[in-house]
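The values are calculated or read from the model by the stated rules, or taken from the named source; none is laboratory data. Just so we're clear, the structure is a prediction, and the values are computed from it rather than from any experiment. Positions of Cβ are generated from backbone atoms using ideal geometry, with glycine treated the same way; all protein chains shown enter the neighbour counts. What goes into the accessible areas is simple: the full protein's heavy atoms, side chains included, and nothing from ligands, DNA or RNA. Shrake-Rupley method; radii C 1.70, N 1.55, O 1.52, S 1.80 Å.
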Amino acid sequence: MNYKILVFIMAIAFAACSKVQTSTKQNFNQNWQFKISNATFEKVQEEENWEAVSLPHTAFIEHKVIEDQWQGLCWYKKEFNLPSSLGEQRYILRFEAAMNISKFWINGTKVSEHVGGYLPAVFDFTEYAQAGKNTIYVQLDNRDSKITGPKPLNRLDFNMYGGLYRDAFLIIENPLHITDPILANKTASGGIFVTYPKVSKASASVKIQTHVANSSNYKKSFQIVNELYSDDQLIVTSKVEQLELQQQSENEFTTTIQVNNPNLWSPQAPNLYKLITKVIENETIVDQEETTIGIRSIAFEGHKFVINGEELFLRGVNRHQDYPYQGYALSNEAQYRDAYKIKSAGFDYVRLSHYPHSPAFMDACNELGLIVLDAILGWQYYSRDSLFQDHIYKTAHNLVRRDRNHPCVYGWEVSLNESRMDNYFIDSLTAIAHAEYPGDQCFTAGWQSYGYDIYLQARQHRLDHFRNPSKPYNVSEYGDWEYYAMNAGLNQDSWNGLKQADRSSRQLLSDGEVRLLQQAKNIQEAHNDNFNVPAHGDGYWVMFDYNRGYSPDLEASGIASIDRLPKFSYYFYQSQRDADEKSHLFKSGAMVKIASYWTEESPLAVRVFSNADVVELLLNGKSIGKQSPDQNNISNNLNHPPYTFQLKKFEAGKLEAKAYIKGSVVANDIVITPESPTSIQLVLDESGKKAKKGVNDLVFVYAHMKDKNGTTVRINEEELEFEIEGDASFVSPKVLKTEAGIASALIKIGNSQEPIKIKAKNQQLESKEIEITFE
């Protein structure tokens with residue numbers, strides 16, 4: 001064969017084999033090894049008996065009620081493969097969270113260190129990458145830190161746990177690529193940044209900033225193509241051609257597209273678009289990113305919050321992200337289920353207390369229509385130390401960079417919660433947020449009135465009602481502390497011996513109906529009172545019961561237990577959403593709920609929650625009467641006050657509530673006097689999201705003690721033993737005690753496609769089995 005022809009054929013073959021592929025973002029959660037150890041990096045490599053784990057992972061499985069949370073050093077390691085020829089590609093690792101001080105070694109060299117446990121740790125390890133097999137070691141330290149704050153754990157009102165507790169990703173980038181916004185470290189830039197200069201129901205301008213880097217030693221010519229999809233239908237395409245980047249350089253390229261008759265995002269209509277951004281070189285897509293966006297405009301007219309030109313009061317709740325036993329290490333599906341429960345409870349707004357929450361939770365808020373107040377870490381701790389302040393400034397930058405494209409975010413709480421801060425410090429934080437998100441759609445929020453766009457004030461701090469605020473005002477917390485310690489203020493850790501069981505809002509699910517009704521009454525009174533001040537929203541404290549570092553008991557002011565089971569107060573809030581607001585995404589529409597177990601000990605003043613016009617109560621088929629909502633000084637501001645029926649005496653049997661709108665029955669609820677338990681009914685919690693294999697999914701299985709009528713018998717401390725058959729494991733103990741007649745098991749789903757069978761048994765009760773199947 002002619003030599004020139006052979007060379008030509010070889011050149012074609014080489015070109016075909018080396019054709020540039022799209023940059024990739026690969027899930028990096030599997031095949032880790034873990035151990036708790038104080039060893040140095042040099043010594044830990046010699047240690048044996050590592051545990052095989054996958055992410056999300058917690059460093060320590062805690063008791064349900066934590067008395068002494070684990071703190072210390074732990075290690076993760078993993079072997080992974082890179083291409084046999086590394087070429088000019090860049091190699092990046094992104095850990096969505098690593099608690100709290102993290103250090104990273106690649107192939108024996110320390111390549112990065114990250115401070116802070118709630119925002120991504122991202123680093124480029126191209127210089128240390130090897131063709132073929134590579135090894136990473138990660139050291140985590142979750143002990144108290146004066147740099148990150150907040151208070152030491154033994155004085156902290158929540159727990160910070162440990163581990164690589166969110167997703168991790170391996171990113172392989174072509175020399176010409178869209179940057180990572182955290183790694184790029186560019187104000188109001190890096191990655192994809194989408195804003196909306198003009199929004200109306202007729203049309204919207206969508207401004208797309210794309211930050212592109214060229215890490216090669218050659219000039220690059222390319223195009224940027226943006227495709228906007230609605231329900232997987234392409235509606236707009238924009239192409240920017242003849243772009244250039246010199247070698248080892250970067251730049252931002254901006255284009256604006258017009259969307260006619262946009263489907264605007266709001267809590268009542270959470271319409272989302274899919275934006276696909278492509279970087280094309282020589283007709284080859286060398287990088288591509290998908291961004292979920294929602295077109296909307298927000299503003300304040302006086303003290304009123306306005307979205308898309310319509311006023312909206314933000315009825316909301318605060319959320320801590322921890323689970324029992326597992327701490328922060330929730331699957332993305334479990335994050336979604338939390339958001340689903342919050343939305344289904346009647347809320348349109350959630351304050352993320354008191355730190356950045358999971359990207360998966362943010363995605364769920366986008367999908368379900370939950371407006372978010374996004375926050376940096378802070379709680380009753382401030383320091384003038386330069387390392388601390390520089391770290392807080394960095395978290396403010398990175399919070400906005402991480403979450404700026406989420407339509408659910410209405411404000412940036414770049415504030416250290418309940419911490420007296422210097423004015424210069426506040427000025428710096430607010431300036432950072434506004435620099436990172438330029439324009440009139442950025443609103444900062446803080447618990448001091450100075451400096452911030454939105455003033456956050458908890459009701460317990462409002463000794464004299466804040467009647468004439470000079471700026472938009474949000475009741476950031478209410479309904480708990482003022483009923484617990486009579487406005488004791490900020491010194492919570494010095495009041496931990498104070499108990500006011502009869503009037504507190506801190507009531508466990510197991511505390512009985514009288515105390516749970518008191519919690520609901522406290523909440524009603526406080527929520528009603530919030531309308532007496534010019535607030536644009538309020539956030540009840542708190543959605544779920546949670547553990548506290550400083551106190552060996554649960555903070556029980558949640559409207560649901562730490563096991564995510566609803567209390568009576570859950571249904572009070574659910575009743576505040578109008579009956580004509582309906583959605584297939586969450587529980588909605590007309591509702592009615594009897595807040596009684598209807599036993600001999602039950603109050604004869606029977607409270608019913610409903611969003612109907614009229615409610616009728618029947619006892620054993622006989623009407624007690626039809627009533628309109630209560631009219632009193634703790635109901636006068638509510639959309640839908642409760643209904644209170646005064647019965648003369650107890651009569652065992654069936655209570656039924658019928659809810660009427662315009663004369664027609666739209667909902668009903670039945671409560672039957674419980675008898676002795678005869679069986680166990682198992683309920684799998686797949687709130688809005690089915691159990692999923694292969695992702696460390698966490699699901700609750702609730703074992704209800706039932707009588708012959710199917711009524712849950714509200715017995716506490718009854719032992720039930722759970723069994724699992726299939727690829728799943730217990731996170732909770734196998735033997736659990738009932739709370740209000742329910743034992744809550746938490747299980748972790750494995751990788752197998754085969755069904756999982758779960759049983760619960762008790763010596764006296766008939767056992768039933770449920771099965772978890774996968775699509």
Condition set in contact with a strand residue (DSSP E or B) (Cβ under 9 Å, 6 or more places away or on another chain) and open to solvent by 30 Å² or more (accessible area, probe 1.4 Å), scope region 641-651, selection farthest from Phe313 (Cα to Cα): answer is Glu651
Those residues that are touching a residue at least 12 places away in the same chain (Cβ under 8 Å) and either assigned to a loop (DSSP other than H, G, I, E, B) or open to solvent by less than 10 Å² (accessible area, probe 1.4 Å) (or both), I need them from region 749-767; list them, please. Ile749, Gly750, Asn751, Ser752, Gln753, Glu754, Pro755, Ile756, Ile758, Ala760, Gln764, Ser767
For region 677-711, which residues satisfy the criterion of being open to solvent by less than 20 Å² (accessible area, probe 1.4 Å) and either among the β-branched types (Val, Ile, Thr) or closer than 17 Å to Glu725 by Cα (or both)? Ile680, Leu682, Ala691, Asp697, Leu698, Val699, Phe700, Val701, Tyr702, Ala703
Which residue is nearest to Ile742 (Cα to Cα), if the candidates are limited to region 530-562 and must be of a type in the set (Gly, Ala, Ser) and not in a loop (DSSP other than H, G, I, E, B)? Ala560
Over region 40-98, the set of residues of a type in the set (S, T, N, Q) and closer than 30 Å to Gly191 by Cα is Ser54, Thr58, Asn81, Ser84, Ser85, Gln89
Could you check region 285-302 and list, in sequence order, the residues that are closer than 15 Å to Asp231 by Cβ and of a type in the set (Ser, Thr, Tyr)? Thr292
Selection count, region 211-235, where residues are open to solvent by less than 30 Å² (accessible area, probe 1.4 Å) and free of Cβ contacts under 8 Å to residues at least 60 places away in the same chain: 9
In region 614-639, the residues that are within 23 Å of Asp580 (Cβ to Cβ), of a type outside the set (Lys, Arg) and surrounded by fewer than 16 Cβ atoms within 10 Å (Cβ to Cβ): Gln627, Ser628, Gln631, Asn636, Asn637, Asn639
With respect to Ala396, determine if the residue is in contact with a strand residue (DSSP E or B) (Cβ under 7 Å, 6 or more places away or on another chain), open to solvent by less than 10 Å² (accessible area, probe 1.4 Å) and over 23 Å from Val699 (Cα atoms). no
Taking the condition of being out of contact with any strand residue (DSSP E or B) (no Cβ under 6 Å at 6 or more places or on another chain) and assigned to a loop (DSSP other than H, G, I, E, B), how many residues in region 565-575 meet it? 2
Residue match in region 366-378 (condition: under 21 Å from Leu565 (Cβ atoms) and surrounded by 24 or more Cβ atoms within 10 Å (Cβ to Cβ)): yes
Flag for Val372 being under 12 Å from the mean Cα position of the chain (by Cα) and not polar (S, T, N, Q): yes
Any residue that is touching a Ser or Thr at 6+ places or on another chain (Cβ under 6 Å), closer than 22 Å to Tyr76 by Cβ and aliphatic (A, V, I, L, M) - is there at least one of those in region 169-180? yes
Provide a single number: the residues in region 290-330 that are within 30 Å of Thr58 (Cα to Cα), of a type in the set (D, E, K, R) and within 18 Å of the chain's Cα centre (by Cα). 2
Checking Thr40 against (1) modelled with pLDDT of 95 or more; (2) open to solvent by less than 70 Å² (accessible area, probe 1.4 Å); (3) hydroxyl-bearing (Ser, Thr, Tyr), which test does it fail? (2)
Boolean, Gly451 is in a strand (DSSP E or B) and either surrounded by fewer than 22 Cβ atoms within 10 Å (Cβ to Cβ) or at pLDDT 95 or above (or both): no
Restrict the check to region 660-670 and report whether at least one residue is of a type outside the set (Ser, Thr, Tyr), in contact with a Leu (Cβ under 6 Å, 6 or more places away or on another chain) and crowded, with 19+ Cβ neighbours inside 10 Å. no
Scope region 431-448; condition of a type in the set (S, T, N, Q) and at pLDDT 95 or above; matching residues: Gln441, Thr444
Among the listed residues Lys593, Lys622, which satisfies the condition of being among the basic types (Lys, Arg) and under 23 Å from Lys343 (Cβ atoms)? Lys593
Enumerated strands (runs of 3 or more DSSP E) restricted to region 578-637, each holding at least 1 residues that are among the aromatic types (Phe, Trp, Tyr) and out of contact with any Cys (no Cβ under 6 Å at 6 or more places or on another chain): 605-610
Could you tell me which residue of region 134-184 is farthest from Glu281 (Cα to Cα), considering only residues that are aromatic (Phe, Trp, Tyr) and open to solvent by less than 30 Å² (accessible area, probe 1.4 Å)? Phe158
Subset of region 504-538 that is among the polar types (S, T, N, Q), open to solvent by 10 Å² or more (accessible area, probe 1.4 Å) and more than 19 Å from Ala605 (Cβ to Cβ) - its residue that is modelled with the lowest pLDDT: Asn532
Of all residues in region 237-271, count the ones that are of a type outside the set (Gly, Ala, Ser), in contact (Cβ under 8 Å) with a residue 24 or more places away in the chain and open to solvent by 30 Å² or more (accessible area, probe 1.4 Å). 16
When every residue in region 193-210 that is open to solvent by 10 Å² or more (accessible area, probe 1.4 Å) and not in a loop (DSSP other than H, G, I, E, B) is compared, the one nearest to Tyr91 (Cα to Cα) is Gln209
What's the total number of residues in region 63-83 that are open to solvent by 60 Å² or more (accessible area, probe 1.4 Å), part of a strand (DSSP E or B) and closer than 24 Å to Asn49 by Cβ? 1
Is region 740-748 home to any residue that is under 22 Å from Leu516 (Cα atoms), open to solvent by less than 30 Å² (accessible area, probe 1.4 Å) and touching a helix residue (DSSP H, G or I) at 6+ places or on another chain (Cβ under 6 Å)? yes
Can you tell me which of Ser54, Ser37, Ser85 is of a type in the set (Gly, Ala, Ser) and within 30 Å of the chain's Cα centre (by Cα)? Ser54
